[in-house]
Each structure stands twice: as structure tokens, then as C-alpha cells.
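The structure appears right after this line, and notes come after that.
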Amino acid sequence: MSWEGVIRQYKKYLSVTKKTPVITLYEGNTPLLPATTLSREIHPDLDIYLKYEGMNPTGSFKDRGMTMAISKAVEAGAKAVMCASTGNTSASAAAYAARSGMKSFVLVPHNSIALGKLAQAAMHGAHILAIRGNFDDALKFVLQITEKYPVTLVNSLNPFRIEGQKSGAFEICDVLKKAPDYHAIPVGNAGNITAYWAGYLDYFNDKKISSLPKMIGFQAAGAAPIVLGKPVADPHTIATAIKIGNPASWKSAEQAAKDSHGLIDSVTDEEIIEAYQMLASLEGVFCEPASAASVAGVIKKAKAGYFQKGEKKTVVCILTGHGLKDPERAIDVSAKPIVIDANLEAIISQLGL
Ligand code: F0G
């Protein structure tokens, strides 16, 4: 059967009926890649897999939830949608809204979202406002506006977003034929860790899997309110996607970590960049910096002796967004091209052949 997106694939687990219009870009069905080199580097007993969510139609996991949120908004007769965003939600909302014929309004922190994401929202015709404030400020305004005006909220406080994002967990279990032992994931507004846990629980209750993973979530150290136990007024990190000081799904993320016997920890920008470069150079997988927080977290925990030796364990790391979203960061951390005359000898001498 050909793949026609997460709603058609997993409708049994979603709040859709025959009457729900399916607005889809055929999202989901993303690769679950074995990371053999990385596993060897990190820990002898870990089988690490990378769930490459950058392969979704708009380049991030947001499409899984957006197909649901937009389809349900159309079903309810909405004419416009709105979100606050660190970039990916706005790119996805704008694309799915365009496909459905609805208007989209997005509020983003000025000068703090990656170039590719801004380009996407603009191309899909979103009405973009860049506020002089951070994501948390933007979300506050969006909540006030969507409460009062006929505009549907498509941030992950919209329950259909979380529902759609459960599909990532279903896919992992469908491929592995079991749940992983550990599920490592970046945490920003904390919707995705909430969604994955709900997805694993659905499959567990439906007897599709017989065990549940430990959910291990990682915030950026400069934006780690859950780890610190209090909101961060002025979050900072190079991983702009997760630069969030007061996550909307804080409580449910904590619950997921607790119920699964997992944890939520933080990783520094240096650890994030190291993992970001390792993924690209050792595995050929280019993700955005925030995504690398999952792998950075596994490296940190392995070094600290968190994973027991002598017992094979499966770890799935969610790589939430594509590296091309943030070309400026990639260029910044990489070797620069050598500019050279158009001359064969000069080129050969540079190659050191
Ligand atoms: N990774 C990427 C690439 C993201 O864009 C986000 C969130 C996260 C991780 C964290 O996921 O918020 O569910 O905990 N981006 C949102 C946005 C906030 O507006 O695009 P979360």
C-alpha cells in the first residue's frame, strides 16, 4: 500500500471520522536509521537509531501534528490559523494552511529564528509578525488572540497536534517490532515528548508492544526551565528551535519522564554542536542544532555511566528537523571553502594528492 500520510495510516488512533477532510502532504514514514559508527563511539552496548524527522515535507516533525490540526480546523469551518513559533511550527502551519486554502498568521521572535524556516513561512504566504520579544512572549499573545478572535490556535496546546505527533512512536514500533529501551528527544515547548509518550501508551494498551521505553528528554542548558524547576525569563542557546523559557506542556513532559522512569536533563551548546557535527560527519545525517540535543544527551549520559554495561539496549534519538533549516549555523561551525584560481595545478596541489 502506498503511503498517504499519518492520518490515513493511523486513523484508528486519531480523532478523525469519514467526514474529516484530510489535508496532507504525505508526512511521516520517515527513516529510522541504524547509527552503527555513532553507537560504537558512544557506548559498546547501545544500538542507536536515528529517527530522521527532517525528511518530513516541511523538514521537521511538526508536519505530523499539523496535518491533524489543519484537517480538524477545516472540518470545524475555520478560515484562519495562528501560531507562535521558533520557526518550524510556523513553516509547517503555513504550508498546510496554504494547502487547505486557509490563511495563516505567525508570531515569531525577531532575529531569533533560522533562515530556512522564515523562508518557508514567507513562501507559503503566512502573515508573519516578528516581535521584539521571545517565544514565550509570542505564545502568550497568540493565546490571547485565538481566544478572542475567529482564528484557530495550531500550537501544540491544540490537542490535535499532539495526537498527530503520536504517529512517530507508532512508526518506530512498527519498524523495530517492539518499543526501544530508551527514547531520547529534544525538549522545547515540550509537546513532542508528551506526544511520543502518549503514542507508546496507545500501542502498549493495544498490545502492539509489550514494554515501554524510558523517555529521556534534553533541554539546552541556557533554556532549561524543567531541569531548573522554574521558568527562565531570558533563555539563550544556539539551538533557537528550543530557546523556550516556559514550556506549555511542562507538566505532561515531567509526567512522561516520571511515568517512564526516564529523565529530563540539559546539554550545553558545546555538547549540542559536537553532536551536530558528529551526526553529519560520522553518519551522513544533517539535522538542525536543536535536534542534536537528543544525541548530545545520550553522549552525556553514557559518559556519566547511566547506561549499564554488558546488556544490549536500543536507543532511538529523535532528530526533529533538517540541517538545511539553519544553513548559517552549519557554515559557521564548518571549514570554509578554499577560494582558488581556475588552474589545474593549483587545484591538485591544494588537494594534496
Ligand atoms: N526540535 C525542533 C527542530 C523544534 O523545532 C522544536 C520545537 C523542538 C525540537 C522541541 O519540540 O517544543 O515539542 O518540545 N519547535 C517549536 C516551533 C517550538 O515553534 O517550531 P517541543
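The values are calculated or read from the model by the stated rules, or taken from the named source; none is laboratory data. Nothing here was measured: the structure is a model prediction, and the numbers come from that model. Quick reminder, even Gly has a Cβ in these numbers, built from the backbone with ideal geometry, and neighbours come from all protein chains shown. All accessible areas refer to the heavy atoms of the entire protein, side chains included, with ligands and DNA or RNA removed. Shrake-Rupley method; radii C 1.70, N 1.55, O 1.52, S 1.80 Å.
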key: Average projection area in nm² (convex hull over Cα atoms of segment 155-263, one quarter of hull surface)   = 6.6
message = Explain nothing, just the number: relative contact order of segment 96-176, from Cα pairs under 8 Å at least 6 residues apart, as a whole percent.
response = 24
Protection-proxy order for peptides 101-112, 47-58, each taking the mean of Cβ atoms within 10 Å per residue, highest first = 47-58, 101-112
query = Can you give me the relative contact order of segment 1-142 as a percent, contacts being Cα pairs under 8 Å and 6 or more apart?
reply = 19
query = Does segment 1-150 classify as rounded, prolate or oblate by the C-alpha gyration tensor (a ≥ b ≥ c root eigenvalues; a/c under 1.5 gives rounded; else a/b over b/c gives prolate, otherwise oblate)?
reply = oblate
task = Compute the relative contact order of the chain as a whole-number percentage, counting only Cα pairs closer than 8 Å that sit 6 or more residues apart in sequence.
result = 19
Eligible aspartates and glutamates near Lys336 by straight Cα distance, threshold 14 Å, same-chain separation 8 or greater = Glu328
request  = Select from Leu279, Leu228, Leu212 the residue whose mean-square fluctuation is largest in a Gaussian network model of the chain (Cα-Cα springs shorter than 10 Å).
outcome  = Leu228
ask   = Roughly how many Å is it from the Cα centre of segment 283-352 to that of segment 93-126, as a whole number?
value = 27
ask   = Using θ = phi - 60° and the Karplus form 6.51 cos²θ - 1.76 cosθ + 1.60, what ³J(HN,Hα) does each residue of segment 234-250 get, whole Hz, x for Gly and Pro?
value = 10, x, 8, 5, 6, 7, 4, 4, 10, 7, 9, x, 8, x, 5, 9, 3
message = So if each residue of separation counts as 0.36 nm, and I subtract the Cα-Cα distance between Leu263 and Lys207, what length gain in nm does that give?
response = 17.7 nm
note = Sorted by chain and number, the residues with a modelled amide H under 5 Å from that of Val81, at a separation of 5 or more or across chains, are Lys103, Ser104, Phe105, Thr152
task = Would you look at the GNM of the chain, springs on alpha carbons closer than 10 Å, and say which of Asp174, Asp326, Asp269 moves the most?
result = Asp174
ask   = When DSSP beta bridges are limited to those with both residues in the chain, what percentage is antiparallel, rounded to the nearest 5?
value = 15
request  = Work out, step by step, the length gained on full extension between Ala342 and Tyr26: first 0.36 nm times the residue separation, then minus their alpha carbon distance; give nm to one decimal.
outcome  = 109.3 nm
query = Amide H to amide H under 5 Å from Cys287: which residues, 5+ apart in sequence or cross-chain, H placed 1.01 Å off N in plane?
reply = Gly323
inquiry  = Show me the three semi-axes of the equivalent ellipsoid for segment 52-125, from the C-alpha gyration tensor (sqrt of 5 times each eigenvalue), largest first, rounded to whole Å.
reply    = 19, 14, 10
message = Kirkwood Rh and Cα-based Rg: tell me the resulting Rg over Rh for segment 226-313, rounded to two decimals.
response = 0.99
remark   = Carbon plus sulfur, as percent of the 1.4 Å-probe accessible area of segment 130-277, comes to 54
request  = Could you give the size of the charge dipole of segment 19-113 about its Cα centre, using +1 on the Cβ of each K and R and -1 on the Cβ of each D and E, expressed in debye and rounded to the nearest 20?
outcome  = 540
key: Furthest towards positive pole of dipole, Leu107, Phe170, Tyr149, structure part segment 76-176, Cβ charges   = Tyr149
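What does the charge add up to near Ala169, with Lys and Arg as +1, Asp and Glu as -1, over the other residues with Cβ less than 11 Å from its Cβ?
It works out to a net charge of +1.
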task = Work out, step by step, the length gained on full extension between His110 and Val333: first 0.36 nm times the residue separation, then minus their alpha carbon distance; give nm to one decimal.
result = 78.0 nm
request  = Could you run the Debye sum over the Cα atoms of segment 115-158, one equal point scatterer each and no solvent, and tell me log10 of I(q)/I(0) at q = 0.19, 0.24 Å⁻¹, two decimals?
outcome  = -0.72, -1.05
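For segment 292-341, which trypsin sites (Lys or Arg not before Pro) are in a loop by DSSP, counting at most 12 other Cβ atoms within 10 Å?
Lys309, Lys312
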ask   = Under 18 Å from a point 7 Å along the Cα-to-Cβ line of Asp45: which residues of segment 249-269 have their amide N that close?
value = 262
ask   = Sorted by average packing, counted as other Cβ atoms within 10 angstrom per residue and highest first, what order do 62-73, 332-343, 280-291 take?
value = 62-73, 280-291, 332-343
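What per residue convex hull volume, in Å³, comes out for the chain when only alpha-carbon positions are used?
159
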request  = Report the one residue of Ala94, Ile209, Leu33 whose Cα lies farthest in the direction of the positive end of the charge dipole of the chain (charges on C-beta: Lys and Arg +1, Asp and Glu -1; origin at the Cα centre).
outcome  = Ile209
ask   = How many percent of the alpha carbon pairs in segment 91-227 exceed a separation of 23 Å?
value = 46
message = How much of the DSSP bridge set in segment 1-134 is antiparallel, in percent, rounded to the nearest 5?
response = 25
query = Which shape class applies to segment 149-189: rounded if a/c is under 1.5, otherwise prolate when a/b exceeds b/c and oblate if not, where a ≥ b ≥ c are the square roots of the Cα gyration tensor eigenvalues?
reply = oblate
